[in-house]
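To keep things clear, I will list the structure first and then write my remarks on it.
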Amino acid sequence: MSLLRVERARKRLYQVQEKYGFLTHPKVIEQSRKLDHLLNQYQTCKSKS
């Protein structure tokens, strides 16, 4: 798991939110969940080392 993947997902979330405008839009929620998943994976890997 790389921090770069997390940062890319975060940037994508900002782009999707800017495009659709609403935090409740399904595309924004979907990208937010992807970012959450990556953050959880990153945190798990970090805590194991």
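Computed from the coordinates by the stated procedures, all read-outs in this text should not be read as laboratory data. Owing to the predicted nature of the structure, the values given are computational and were not obtained by experimental measurement. A quick note on method: Cβ atoms are made from the backbone with ideal geometry, for glycine too, and the neighbour counts reach across all protein chains shown.
Assorted remarks:
- Per the conditions (1) of a type outside the set (A, V, I, L, M, F, W, C); (2) on the phi < 0 side of the Ramachandran plot; (3) over 12 Å from the mean Cα position of the chain (by Cα), the sole criterion not satisfied by Gln41 is (3).
- Taking the criterion of being in contact (Cβ under 8 Å) with a residue 24 or more places away in the chain and in contact with a Leu (Cβ under 7 Å, 6 or more places away or on another chain), the residues of the stretch 1-30 that qualify are Arg5, Val6, Ala9, Arg10.
- Residue check, Arg33 out of contact with any Phe, Trp or Tyr (no Cβ under 7 Å at 6 or more places or on another chain), among the charged types (D, E, K, R), without any contact (Cβ under 8 Å) to a residue 40 or more places away in the chain and surrounded by 13 or more Cβ atoms within 10 Å (Cβ to Cβ): no
- Within the span defined as the stretch 18-30, one or more residues are assigned to a helix (DSSP H, G or I), surrounded by 11 or more Cβ atoms within 10 Å (Cβ to Cβ) and of a type in the set (D, E, K, R).
- Leu39 being part of a helix (DSSP H, G or I), surrounded by 11 or more Cβ atoms within 10 Å (Cβ to Cβ) and either without any contact (Cβ under 8 Å) to a residue 60 or more places away in the chain or β-branched (Val, Ile, Thr) (or both): yes
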